[in-house]
Amino acid sequence: MFESLSDRLSRSLRAITGKARLDHDNIQDTLREVRKALLEADVALPVVKAFVNQVRKRALGQEVSRALNPGQQFLKIVESELTQVMGEANERLNLAAQPPAVILMAGLQGAGKTTTVAKLARFLKDKEKKKVLVASADVYRPAAIQQLQTLAGEVSAEFFPSSPDQSPVDIGCNAVAHARKIHADVVIIDTAGRLHIDEELMTEIQQLHKVLNPIETLFVVDAMIGQDAVNTAKAFNDALPLTGVILSKADGDARGGAALSVRFVTGKPIKFLGMGEKVDALEPFYPDRLASRILGMGDILSLIEQAEQKLDREKAEKLVQKVKKGKGFDLEDLRDQLQQMQNLGGISSVLDKLPGMGNMAQLAEQSDVTKQFKRMEALINSMTPAERRDPEILNGSRKRRIVQGAGADIQDLNRLLKQHKQMGKMMKKLKGGGMNKMMRGLSGMMGQGGLPPGFGR
């Protein structure tokens with residue numbers, strides 16, 4: 001997300017951040033480029049105007065002129081104003097209600113609303129330790145109820161059955177009554193979407209809102225529709241007392257204009273970003289962290305949180321002990337590391353959150369490193385346990401069998417073995433305790449363009 005915006009903004013700001021002195025002309029030139037970058041990223045015009053005016057006002061004031069490093073101070077102002085536009089801080093769900101707390105989900109058809117219901121149920125169950133019940137009041141879309149039932153099973157949430165011959169209001173009321181009976185903490189009601197905003201939809205959801213009086217009314221909007229996402233959110237906000245927005249499919253939008261515009265235009269906070277198809281791919285929205293990522297300054301906090309949640313500590317500890325004891329780094333260890341990387345969203349996702357590595361993340365994406373990692377994993381899976389433990393035993397016939405089993409070429413296998421050998425050398429340096437040695441080994445392994453040798457060539 002935000003690749004093109006981040007790239008354009010980084011280029012626009014690079015020229016000014018190194019300057020020891022800023023004047024009206026170079027500030028104006030930079031802001032002109034920033035304005036272009038924001039408009040190309042589908043940011044709403046009123047948002048661009050307000051943002052640029054505010055940055056200009058602060059940049060031409062004493063805040064910059066008296067700074068020891070005016071260029072860096074200018075960058076801080078841009079980051080601060082970006083954060084301000086998106087809402088300053090993360091706004092959590094308000095669940096302070098007599099159980100069950102009711103969450104009503106609204107949105108257009110195709111926005112990923114039903115999947116988002118399941119993701120939210122999983123988030124509340126895992127992070128907030130809540131007992132969650134979900135129900136579908138979508139009586140129009142074929143198989144909508146069945147889809148939610150399947151997803152509820154995947155995330156281990158309670159499911160309240162409904163049928164297309166019931167009215168949405170009855171489904172909502174019965175679901176809340178059942179939630180009380182089973183002592184659920186939260187009930188999430190999925191509603192019908194439409195291909196466009198129409199009176200029938202609005203009247204129906206307004207009735208549902210009136211009867212259920214939800215503590216949270218969340219609007220799910222597809223980030224990939226850009227400027228229309230903001231207009232749609234505004235229309236729903238005029239019809240319903242929304243409490244927040246969830247931007248779905250945010251991982252597929254390279255521009256990111258919706259994220260920068262929704263809060264400013266509707267006055268309602270973005271509470272979550274949907275960052276993939278998996279049921280755990282829902283991230284709380286942190287404006288300050290996102291502003292930092294957009295400006296190529298990384299997002300270490302999110303990366304640490306992700307690592308704590310998704311990395312297998314037991315495997316990591318075993319590898320540390322193995323290295324300390326001087327045992328070799330075998331291909332099973334390499335496979336574990338590749339799987340751990342996939343759990344973190346792949347190498348481009350990790351690089352994107354590291355300061356100054358945004359360009360590397362794009363390079364990794366363009367080189368399709370994820371595909372390369374999967375091929376490496378397939379090759380390792382095609383080996384026998386003995387071959388994984390000791391690759392030295394691989395002769396010509398063994399190699400032919402492995403590449404046939406993995407659907408790969410002999411060059412792919414040779415490249416894998418070479419990379420494994422380099423990683424093994426790096427692990428030996430790590431055992432010696434020398435950080436400098438390790439960093440030299442790492443830079444050697446990363447090869448051209450910051451990727452393992454052979455990637456993207």
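Here, each number is a calculation from the coordinates, and none is a lab measurement. Treat the numbers as computed from the prediction; the structure is a model and nothing was measured. Cβ coordinates were reconstructed from backbone atoms using ideal geometry, including for glycine residues, and neighbour counts include every protein chain displayed.
Fewest-first ordering of 215, 103 by other beta carbons within 10 Å of each residue's beta carbon gives 215, 103. Between residue 244 and 217, 219, the built amide H atoms are under 5 Å apart, and every one of these is 5 or more places off in sequence or on another chain.
Averaged over residues, the count of other Cβ atoms within 10 Å places the peptides 401-410, 330-339 in the sequence 330-339, 401-410, highest first. Subtracting the Cα-Cα distance of residue 53 and residue 414 from 0.36 nm times their residue separation leaves 124.3 nm of extension gain. Working note: Karplus 6.51/-1.76/1.60 with θ = phi - 60° gives region 403-411 the couplings 5, 5, x, 9, x, 10, 9, 5, 5 Hz, where Gly and Pro are set to x.
Residue by residue, region 165-178 carries 3J(HN,Hα) couplings of 8, 8, 8, x, 5, 4, 4, x, 5, 5, 5, 5, 4, 5 Hz when phi is fed to the Karplus relation 6.51 cos²θ - 1.76 cosθ + 1.60 (θ = phi - 60°); x denotes Gly or Pro. Could you tell me how far the Cα centroid of region 176-236 sits from the Cα centroid of region 377-409, in Å? Cα centres, region 377-409 to region 176-236: 52 Å.
Between residue 130 and 125, the built amide H atoms are under 5 Å apart, and every one of these is 5 or more places off in sequence or on another chain.
Between residue 159 and 134, the built amide H atoms are under 5 Å apart, and every one of these is 5 or more places off in sequence or on another chain. The modelled label-to-label distance for the pair residue 96/residue 129, using points 7 Å beyond Cα in the direction of Cβ, is 2.0 nm.
3J(HN,Hα) couplings calculated from phi for region 132-139 with the Karplus curve 6.51 cos²θ - 1.76 cosθ + 1.60 (θ = phi - 60°) are, in sequence order, 10, 10, 10, 9, 10, 9, 8, 9 Hz; Gly and Pro show x. The dipole here belongs to region 101-298: it is taken about the Cα centre, uses +1 on the Cβ of Lys and Arg and -1 on the Cβ of Asp and Glu, and is about 620 debye. This model, with +1 at the C-beta of Lys and Arg and -1 at the C-beta of Asp and Glu, gives region 138-190 a dipole about its Cα centre of some 100 debye.
One quarter of the surface of the convex hull around the alpha-carbon atoms of region 101-298 equals 10.4 nm², the direction-averaged projected area. Projected label points at residue 386 and residue 36, each 7 Å from Cα along the beta carbon direction, are separated by 6.4 nanometres. In this simple spin-label model, placing a label point 7 Å from the Cα along the Cα-to-Cβ direction at both residue 60 and residue 211 gives a separation of 5.7 nm.
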